[in-house]
Each structure stands twice: as structure tokens, then as C-alpha cells.
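Comments concern the structure below.
The values are calculated or read from the model by the stated rules, or taken from the named source; none is laboratory data. Please read all numbers here as calculations on a predicted model, not as lab measurements. As a convention, Cβ positions derive from the backbone with ideal geometry for all residues, glycine included, and neighbour counts pool all protein chains shown. Note: areas computed on protein heavy atoms with side chains; ligands, DNA, RNA excluded. Shrake-Rupley method; radii C 1.70, N 1.55, O 1.52, S 1.80 Å.
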Amino acid sequence: MRLAVTGATGRMGRAILTAADDRDAAVVLAVARESTTAVGHPVVPDDDVAARLREAEADVLVDFSAPAATARYAEACAESGVALVSGTTGLDDDARAALDDAAERVPVLHAANFARGAATLERLLADAVDALPTYDLELVETHHAGKRDAPSGTAGALLDAAGVAEDDRVHGREGEAPRADGEVGVHAVRAGAVAGEHEAILAGDGEELRLTHRAGDRQVFAEGALDAAAWLAGRDPGRHAFRAVIES
Ligand code: NAD
């Protein structure tokens, strides 16, 4: 697998480079906003990424960057015939559309969380909500102080899995704010260096069920993304799900 990495100077980009080195995977291209080095790899600026991907003969691009950049990288993958694994969160409609467009020409796998346990939490939560339809659901996520988007992409994916409509999601509470029927509170804590925690609370009269996922460090996301890259290379164009990687 010939690997390209975007957002290479970031927290996740460096975790990907480290994990790739540990696996002896060939990193043929590392890209960020400026030329520098990251984890001993030369990093080039992100102008004309399609040409750089072609020159490097990359098989898969692993992208953890920012929504606007992800949209451009998706176009570059489509143009150069390179598969795309992206973990960038906070995607807007343009970035989502860019991933869909790219998927018409190359295989694309986007996941808000590349930890296997977090992906499994989605299924467990869907089951729990199904089994306890009258219980109140609230979600608390905690991330490091440098995280840009809130709530986390994983929180969104969990709420989607639980069938919670956008209009029923209440982001924090202040003042007189009793819980209305059907609403789901979503609470984003930003502190220190926490890699990522998600806790779903389902509470009824006299009992509560808490489902928690805790990432020990970023390498768990990097390992999942590299597993996804190895699985995705050579597949048919289209959108692919991380669940398929876990179940393979
Ligand atoms: P970071 O800020 O440490 O790094 C971001 C990287 O992207 C840097 O290399 C930066 O130079 C580059 N970048 C940012 N804006 C850019 C732009 N406009 N054009 C080109 N390059 C740009 O962030 P991070 O903690 O590494 O997280 C990156 C993304 O990955 C975030 O969206 C985060 O939420 C997401 N993330 C996803 C998972 C997952 O499992 N899916 C896990 C952790 C983080």
C-alpha cells in the first residue's frame, strides 16, 4: 500500500505517520499547508495535490485535516484515481457533496471515529434506545482543548444511530430550561489533552444505563484509519463504511 497523508503536521497526521512507520507502510507523500517535516517525513505544501498524488503513485490518501481542505483533497483523489480515507469532522454540505462526487470515481470511506469500540457503541446505543423507548437520552462528549468543532462528529453519528432528529438535539442548557419530552441534551466538554470520550446516558424512573467509550490516545484512531486504508485500496468506487472494515 502506497500511502499519502494530508494534514500531516496535525495531531492526527503525526499519529498516522507514526502508525504507518510502525507497520512499515510506504508513506509516499505527506502534505500540509506549508513545507516542513513531520515524524521524520518531508511534508510538501497542498498546491496541486492531484499532480502530487499521481507523481507519488499513491494508492490511498488518508486525510485528517479541516472541512474545506477535505473537499479539495476529495476532488484531487477523484482526478488522480486515488482512494480516499477521511476522518475529518465538522464537514459542511460542500465537503459532504465533494465526498459524494469523488465516490463516483474512486472508493471513499469517511468515518467520524476510527476506533473500533466507538463504532460498536453506535450499534449498542441503537439497541438500547430501541429497548428503552421511554427513557431520557443525554449525550456528553469530552475532547482536548484544541478541538475545533462541537459537538464532535462522533456525537452526531451516535445521535443519528439513535434516531434522534436534528430538531430534538439541545446543545447545552442555561437558565430556566426544564427537559422537554423527546429532547436530547448534547454536552461538549473541552479540556486538557483528552483524546476523546463519549457517554450516552439513558435514564428512567429508578435506574440509569450509561454507555461509555474512551479513547486512550490518538494512535487508536490512526490504527483504525490505516486498517481502513488497507481494506479500501483497490475496491470499487462508491461510499464505503468503517463497519465493513471491522466486520471483514
Ligand atoms: P490539528 O489542528 O492538529 O491538525 C489539522 C491539520 O490539517 C494540520 O496539518 C493543518 O495544517 C491542516 N489544515 C487545517 N486547515 C487546513 C486548510 N484549510 N488547508 C489545508 N490544511 C489544513 O487537528 P487534528 O486534531 O489532527 O484533527 C484533524 C481532524 O481530524 C479534525 O476534524 C478532527 O475532529 C478529526 N479527528 C477525527 C478522528 C476520527 O477518528 N475520525 C479522530 C481524531 C480527530
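Using mean Cβ contacts within 10 Å as the protection proxy, how do 72-79, 42-49 order, highest first?
72-79, 42-49
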Please compute the alpha carbon radius of gyration of the range 93-151, then divide it by the globular-protein estimate 2.2 N^0.38 Å. Two decimals is fine.
1.53
At R0 = 22 Å, how high is the FRET efficiency between Asp130 and Ala241 if r is their beta carbon distance? Nearest 0.05 is fine.
0.65
DSSP-loop trypsin sites (Lys or Arg not before Pro) across the range 93-161, with at most 11 other Cβ within 10 angstrom:
Arg148
Within the range 75-182: Cβ-based charge dipole about Cα centre, in debye rounded to nearest 20 (Lys, Arg +1; Asp, Glu -1)
540 debye
Estimated FRET transfer efficiency (Ala203, Asp149; beta-carbon r; R0 25 Å; 0.05)
0.40
Which value, in debye to the nearest 20, describes the size of the charge dipole of the chain about its Cα centre when Lys and Arg Cβ atoms bear +1, Asp and Glu Cβ atoms bear -1, and nothing else is charged?
900 debye
Provide, for q = 0.23, 0.29 Å⁻¹, the log10 of I(q)/I(0) from a solvent-free Debye sum over equal Cα point scatterers in the range 149-191.
-0.84, -1.13
Step by step: find N for the range 1-53, compute 2.2 N^0.38 Å, then divide the Cα radius of gyration by it. What's the final number?
1.01
Determine the percent antiparallel among the DSSP beta bridges restricted to the chain, to the nearest 5.
40 percent
Semi-axes of the equivalent ellipsoid for the chain, Cα gyration tensor, largest first, Å:
35, 18, 16
Could you list the square roots of 5 times each eigenvalue of the Cα gyration tensor of the range 122-224, that is, the equivalent ellipsoid semi-axes, sorted largest first and rounded to whole Å?
24, 17, 12
Given R₀ = 51 Å, what would the calculated FRET efficiency be for Asp181 paired with Asp101, taking r from the Cβ atoms and rounding to 0.05?
0.80
Rounded to the nearest 10 degrees, the helix 67-80 long axis (Cα) sits at an angle to the longest Cα principal axis of the chain of 40 degrees
If I model a spin label as a point 7 Å beyond the Cα along the Cα-Cβ vector, how far apart are those points for Arg210 and Asp168 in nm?
2.3 nm
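Mind running the shape call on the range 49-159? Use the C-alpha gyration tensor, a ≥ b ≥ c as the square roots of the eigenvalues: rounded below 1.5 for a/c, prolate if a/b tops b/c, oblate otherwise.
Note, shape of the range 49-159 comes out prolate.
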Average accessible surface area per residue within the range 119-248, 1.4 Å rolling probe, Å²
54 Å²
Out of all DSSP beta bridges in the range 133-248, what portion is antiparallel? Express it as a percent rounded to 5.
60 percent
Per the helix-only calculation at 222 nm, which mean residue ellipticity applies to the chain, given -39500 (n - 2.57) for every DSSP H run of n ≥ 4 and division by its residues, nearest 500 deg cm²/dmol?
-11000 deg cm²/dmol
Heavy-atom accessible area of the chain with neighbours in place, 1.4 angstrom probe: carbon+sulfur share in percent works out to 45 percent
